[in-house]
Amino acid sequence: MEYINNIFNIFKTHNIILYILLVCSGVITFDVLGLRYILGVDKLEQLYISIIGLIFLICVSSFVFLIADGVFGGLKNKIVNYFRRKKFKKNIPKLLDGINAKEVIILYIYLLESSSTTWLPVQAPEVTLLVTKGVIYLSSKYGRNMSNGMQIFHYSINPEIEKELLHYLGNYFNDFSEDEIQSFISKNSPPYLRDLNESKEIWNL
């Protein structure tokens with residue numbers, strides 16, 4: 001059913017000139033219902049008939065290409081996305097090992113809030129790096145302005161990595177004492193986190 005919809009979308013979205021050329025050149029090339037005589041083009045030289053026939057072939061080729069692209073283009077994207085996800089899954093352990101301390105602090109917010117979505121500043125370099133790595137993604141169109149001038153938006157954990165990430169974060173501080181955890185957080189917390197927490201309290205986020 002999806003393929004049929006793709007074909008109908010081709011008719012809706014592509015230039016009507018292509019269809020006009022296809023029909024007109026086809027009618028003249030094959031002299032459908034004797035229309036060459038009716039249209040007054042029956043006395044055209046063979047050279048011009050050949051040119052019109054060539055136009056017809058070009059239109060048919062373009063039309064076939066559009067249909068094939070509409071039908072199989074989606075299938076191609078699915079195959080590409082499948083192998084992309086497979087490669088991403090394979091590289092998850094390496095990706096997690098490459099997360100730096102400040103990024104851990106940002107990701108730990110998800111664990112503390114027991115949520116896969118939280119508010120984060122769009123201008124924060126740690127957030128940008130995590131998005132680039134495919135760990136989190138922007139999941140809202142509308143944000144809020146904090147008092148420090150930064151804007152916060154909803155960011156969600158990539159579902160493809162969520163299980164492994166939460167397990168990684170849960171074990172990250174296993175060998176830390178309570179004092180070591182507090183020291184780690186104080187040392188590596190980005191300065192904007194204080195404003196972020198205050199804004200969340202004010203807005204009850």
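Computed quantities for the displayed model
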{"item": "Matching option when the condition is out of contact with any Phe, Trp or Tyr (no Cβ under 8 Å at 6 or more places or on another chain) and modelled with pLDDT of 80 or more, among LEU33, LEU39, LEU57, LEU96", "result": "LEU57"}
{"item": "Of the criteria (1) touching a residue at least 40 places away in the same chain (Cβ under 8 Å); (2) more than 26 Å from the chain's Cα centre (by Cα), which one PHE88 fails", "result": "(2)"}
{"item": "Restricting region 185-204 to residues that are among the polar types (S, T, N, Q) and over 17 Å from ASN100 (Cα atoms), the residue that is most open to solvent (accessible area, probe 1.4 Å)", "result": "ASN204"}
{"item": "Any hit, region 74-87, residues being at pLDDT below 75, among the aliphatic types (A, V, I, L, M) and open to solvent by 50 Å² or more (accessible area, probe 1.4 Å)", "result": "yes"}
{"item": "Test: SER147 is open to solvent by 50 Å² or more (accessible area, probe 1.4 Å), outside any helix (DSSP H, G or I), farther than 28 Å from ASN81 by Cα and among the polar types (S, T, N, Q)", "result": "yes"}
{"item": "Residue list for region 98-155, filter: in contact with a helix residue (DSSP H, G or I) (Cβ under 9 Å, 6 or more places away or on another chain) and on the phi > 0 side of the Ramachandran plot", "result": "GLY134"}
{"item": "Any hit, region 169-184, residues being open to solvent by less than 30 Å² (accessible area, probe 1.4 Å) and in a loop (DSSP other than H, G, I, E, B)", "result": "yes"}
{"item": "LEU107 being outside any strand (DSSP E or B) and either in contact (Cβ under 8 Å) with a residue 12 or more places away in the chain or surrounded by 13 or more Cβ atoms within 10 Å (Cβ to Cβ) (or both)", "result": "yes"}
{"item": "Region 185-205, subset in contact with a helix residue (DSSP H, G or I) (Cβ under 7 Å, 6 or more places away or on another chain) and assigned to a helix (DSSP H, G or I), residue modelled with the highest pLDDT", "result": "ASN188"}
{"item": "Residue list for region 155-168, restricted to those being in a strand (DSSP E or B) and of a type in the set (Ser, Thr, Tyr)", "result": "TYR155, SER156"}
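Each row is one residue, and each column tells you yes or no for (1) in contact (Cβ under 8 Å) with a residue 60 or more places away in the chain; (2) exposed (fewer than 14 other Cβ atoms within 10 Å of the Cβ); (3) in a strand (DSSP E or B).
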| position | (1), (2), (3) |
| --- | --- |
| LEU112 | no, yes, no |
| SER115 | no, yes, no |
| THR118 | no, no, yes |
| GLU126 | yes, no, no |
| VAL131 | no, no, no |
| TYR142 | no, yes, no |
| PHE153 | no, no, yes |
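The values are calculated or read from the model by the stated rules, or taken from the named source; none is laboratory data. Since this is a predicted model, take the numbers as computed values, not measurements. Don't worry about glycine lacking a Cβ; one is built from the backbone with ideal geometry, like all the others, and counts go over all protein chains shown. These accessible areas exclude ligands, DNA and RNA; they are computed on the full protein's heavy atoms, side chains included. Shrake-Rupley method; radii C 1.70, N 1.55, O 1.52, S 1.80 Å.
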